Amino acid sequence: MRIAIITDAWHPQVSGVVTTLNQTIHFLKSWGNQLLVVTPEDFRTVPCPSYPEISLALFPRKKLNRLMDEFSPEVVHIATEGPLGWSARRYCLQRDIGFTTSYHTRFPEYVRLRFPVPLAFSYKVVRRFHRPAKRTMVVSNSLKAELENHGFSNIALWSRGVDTNIFKPRGKEFIKATRPIAMFTGRVAVEKNIEAFLKLNLPGTKYVVGDGPARRELMERYPEVCFPGFKHGSELAKYMAAADVFVFPSRTDTFGVVMLEANACGLPIAAFPVTGPLQIVKGGVNGVLDEDLESAVLQALGVHPEGCLAEAGRYSWEASTRQFLENCYRNHDPAQRKKLDAAPRLS
């Protein structure tokens, strides 16, 4: 099957969106599908305002149209609401091609944190973007209900996974610092609410592993915190496994793949009881949720690693990709679906 995936979120950006797309692409290819992945790497770009680490494609429509025409996809998935996403949406509508979208990021809330734009206006724009999609994929039932309250329709579930070959229990000796070690990993940006973690009066040592536009300012304001910078793969897993508790202070994430990665390393989670963590954390089993984040951290230190590993084991990228593909299949009439069902797609 020929599948086109269009995304504004791509390397070198590090995020749950990029991780999800990488894993999905890997499994789709391994099942024999042909893929066209359209990313900012294929275009001239400009830095995103207030977030220069993110590159935005500049006037992508003409080249995107050519790439899509040459590939002639059977399935189109538009992953993001950026310049490439809008151009792909226009392409599909002009040619009467069905497509799916995904809602990875609380775009209205993220914009609101940086600019005085009313949430109602931003939701109107995002709702318009997704309205023509045959399916808009979201990561949880709670997010589905939330978006339906904002007037979204045709919403389908698309879960996530974790690579347990990389993220697994390892020795604690990798970090030599006063314990307990409380750690956040991910993009160091305002929407992650990291300062809510750094302000806590906790015993031991705090670590922030990652990079982003807020890193330099936070390093200056919190010199006692360790900021080892961006890490990935097995090195990131070594940091996570060497910690004692994973702190996830974000209130805006729709899911939080890093929480699965932490659990897979045997690390309990401390977080606020909001959409992303509510999907993953079972109180006392693999972490603790509390509006008092300090209390959540201290309680989570007593959570047993076995519960964390068991919860992480419920998620796989193979199952996630199968769910993605089934959502795409729903776009097709019975005759086309019969053809697609005959195509190899599972390992």
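The values are calculated or read from the model by the stated rules, or taken from the named source; none is laboratory data. Predicted model only: the values in this text are computed from it and were never measured. Heads up, the Cβs are rebuilt from the backbone with ideal geometry, glycines too, and the neighbour counts pull from every protein chain shown. Heads up: the accessible areas ignore ligands, DNA and RNA and are worked out on the full protein's heavy atoms, side chains in. Shrake-Rupley method; radii C 1.70, N 1.55, O 1.52, S 1.80 Å.
Compute the normalised compactness of the chain: alpha-carbon radius of gyration over 2.2 N^0.38 Å, N being the residue count.
Cα-based Rg divided by the globular estimate yields 1.00.
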Task: Exposure rule at most 11 other beta-carbon atoms within 10 Å, DSSP loop GluC sites (Glu not before Pro): the chain longest free segment - done: 1-223
Task: Dipole of the stretch 1-127 [Lys/Arg +1, Asp/Glu -1 at C-beta], most positive-end residue of 101, 122, 79 - done: 122
Task: Separation of alpha-carbon centers, the stretch 1-65 and the stretch 136-171, rounded to whole Å - done: 19
- [ ] Could you tell me which helices of the chain pass both thresholds, a Cα extent of 20 Å or more along their own axis and a mean Kyte-Doolittle hydropathy of at least 0.0, with helices taken as whole DSSP H runs?
- [x] 16-30
Open item on the list: Given the whole protein assembly as supplied and a 1.4 Å probe, what does the accessible area of residue 131 come to in Å², nearest 10?
Closed with: 140
TODO: Kindly list the residues of the stretch 38-58 that lie in the label zone of residue 70, defined by a backbone N under 19 Å from the point 7 Å along the Cα-to-C-beta vector.
DONE: 38-45, 57-58
Task: Accessible carbon and sulfur surface of the stretch 1-129 relative to its total accessible area, %, 1.4 Å - done: 57
TODO: Rounded to the nearest Å, what's the spacing between the alpha carbon centres of the stretch 256-283 and the stretch 291-330? Just the number, please.
DONE: 6
Open item on the list: If each DSSP helix of 4+ residues adds -39,500 (n - 2.57) and the sum is divided by the residues in the chain, what number results at 222 nm, nearest 500 deg cm²/dmol?
Closed with: -11500 deg cm²/dmol
- [ ] With a Förster radius of 30 Å, plug the Cβ-Cβ distance of residue 2 and residue 58 into 1/(1 + (r/R0)^6) and report the FRET value to the nearest 0.05.
- [x] 0.65
Task: Mean Cα-pair separation over length for the chain, i.e. relative contact order, pairs under 8 Å, 6 or more apart, % - done: 17
- [ ] State in Å² the accessible area per residue of the chain; use a 1.4 Å probe, count heavy atoms of protein chains only, and round to the nearest integer.
- [x] 44
Task: Label point distance in nm, residue 278-residue 173, each placed 7 Å from Cα along Cα→Cβ - done: 4.4
- [ ] For every other residue with a beta carbon closer than 13 angstrom to the beta carbon of residue 73, add +1 if it is Lys or Arg and -1 if Asp or Glu, then tell me the sum.
- [x] -1
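Convex hull volume of the Cα atoms in the stretch 129-265, per residue, in Å³?
128
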Task: Over the stretch 1-143: Rg over Rh, Cα atoms, Kirkwood Rh - done: 0.95
Task: Quarter of Cα convex hull surface for the stretch 97-195, i.e. mean projection, nm² - done: 9.7
Open item on the list: Full-extension gain between residue 310 and residue 326, please, as 0.36 nm times their residue separation minus the C-alpha to C-alpha distance.
Closed with: 3.1 nm
Task: Long-range amide H partners of residue 45 with built H, under 5 Å - done: 58
- [ ] Determine the percent antiparallel among the DSSP beta bridges restricted to the chain, to the nearest 5.
- [x] 10
